[in-house]
1. To one decimal place, what Kirkwood hydrodynamic radius in Å is obtained for segment 224-381 from all pairs of distinct Cα atoms?
2. Setting aside same-chain residues fewer than 8 positions from K94, which lysines have a Cα under 27 Å from its Cα?
3. Percent of Cα-Cα pairs more than 21 Å apart in segment 180-262, please.
4. Can you work out D for the chain in µm² s⁻¹ from Stokes-Einstein, where Rh is the Kirkwood radius over C-alpha pairs, the temperature is 20 °C and the viscosity is 1.002 mPa s?
5. Calculate one ³J(HN,Hα) per residue across segment 116-130 by plugging θ = phi - 60° into the Karplus curve 6.51 cos²θ - 1.76 cosθ + 1.60, and present them in order as whole Hz with x for glycine and proline.
6. Listing S185, S364 from the residue with the fewest other Cβ atoms within 10 Å to the one with the most, what is the order?
7. Straight-line reach from K336: which lysines have a Cα under 24 Å away, not including same-chain ones fewer than 8 places off?
8. I want the antiparallel fraction of DSSP beta bridges within the chain, as a percent rounded to 5.
Amino acid sequence: MELLPDDVLLEVMQYLKIEDLLACRLVCRRLGALAMFPEVWRHQRFELVWFDDTPRYKQCSVLRLAPCLRAWRVRFPLEKFHTLYTTTRCAVNKLTLSLNNVSEKDALQASLVIRNQAALGRLRRLSLGPCMWESVNHVEGTSVLLGTVASTPRLEELKIKGFRCFAPSILAGLHRSFPGASLKSFEHDPRTPEEELFCDFILTMHAATLESVNLGCFPLTSTSTATFLTGMPNLRRLQCGLMPGLEAVAGCEQLRDLDLYVEYDGEACAGAEFLRRATQLVKVTLEYEPEIGVASSPDMDFVLALAATGRSCLEELSLDFEDSHHHLPEQQSLLKALPHLPALKHLEFGGPATDELLLGITPSNAPALRTLNVFTIHVDCAHDALHRGAVQKLLSLNPELKFSTYVQSYCYKGDRCAWCSLGCHQEMMQDVPVLPPEFPEYDDTDWVVIPRL
């Protein structure tokens, strides 16, 4: 090892665990010096939780000696709060703070942790959450913590998940302390008007740089959110529920990826109009709420809206249904829309598909389609699907199509389907692992590609 140059040793030491890096300091002077190089620490992740059995000397050693970390996760409240948490010179790239019914003191301590890392200059990704309901119980502590989050400079990614305690005073003075637009990705799930105000503040302040925005699945009531989204010149990906004025967001020319939670009430017309206008979209996921019912008019049909102009650039379409065990009228809309989606390559239908849907897909109405994933076609296993007439007709009509369904590959024991009882096509069987007694049944349910006969 003495003959190896330092750069080779540093390359190898990047793969060591934290405790091994700390141990290298005690081996020899050369390894001890190399163990403190930033190159060997910048990929390391460190987690600090109140119930952790990690020796306290190790926690302190990392924060005292490590020059940097890729990620540091802290779960509040902490049983013991060490001053090193707010004074460490260990600079992290990603900081995650999980808060569970914390006190005002805990919230202030979390603020100090963020401020210290921001001052070190390496912090680019900040995540606040997951948090329990009303995780911060004191308004002052909440204001300080979220004010710190909003004013942290040079952030590129910000996530606020499950944080439910907001107060109007949070926004007071933030405009004066705003460090300048830097965020590229913002994720938040506002559920109250107060939360929407904070969300709108982040959106408007970072509009010039944001590329990806995730606003969760709940409908929004703010009349400003869509306006702020429309003003983002670099917006490429959007995940959100319905909101007033959503149709205007179709004006974002760089928008390519959309994940939309849909309902047939509230702002459904705005959502459908958005899909009609946004012909630049390449990838779309429509997530349907359970018991959503049927669109009351064609103007509110989201699938038909995608195909309304016939000029869509859509290549990937996924329809996800939380309640996936009932007949879904969206199948008829999909069959009507396919001829007007000439660029569609990948289609996923997250519900039960009928033979009508399978047989309705042909090269004439879906010429570019290469993959079709259907959640269920009501078969016992993939082997059963292999022998289903509609499946083989689909595959014969579309020679370049790969068809998958979510099912076990074979009936291994018990009540086997008719085809598995015959024992044919055993090449579809997976290697069955030896399971302990508490798991008597083997289940390999997964997405399975159905071969051609």
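1. Taking the inverse mean of 1/r over all distinct Cα pairs, segment 224-381 comes out at 15.8 Å.
2. Candidates past the 8-residue exclusion: K17, K58, K80, K105, K159, K161, K184.
3. 15 percent
4. Translational D for this selection: 84 µm²/s.
5. 5, 5, 4, 5, 6, x, 9, 5, 10, 10, 10, 10, 10, x, x
6. S364, S185
7. K283, K345, K393, K402
8. So the antiparallel bridges amount to about 5 percent of the total.
Taken together, the values in this text are just the output of simple stated rules run on the coordinates, not laboratory data. Just so it is clear, the model here is predicted, and its values are computed rather than measured. As a convention, Cβ positions derive from the backbone with ideal geometry for all residues, glycine included, and neighbour counts pool all protein chains shown.
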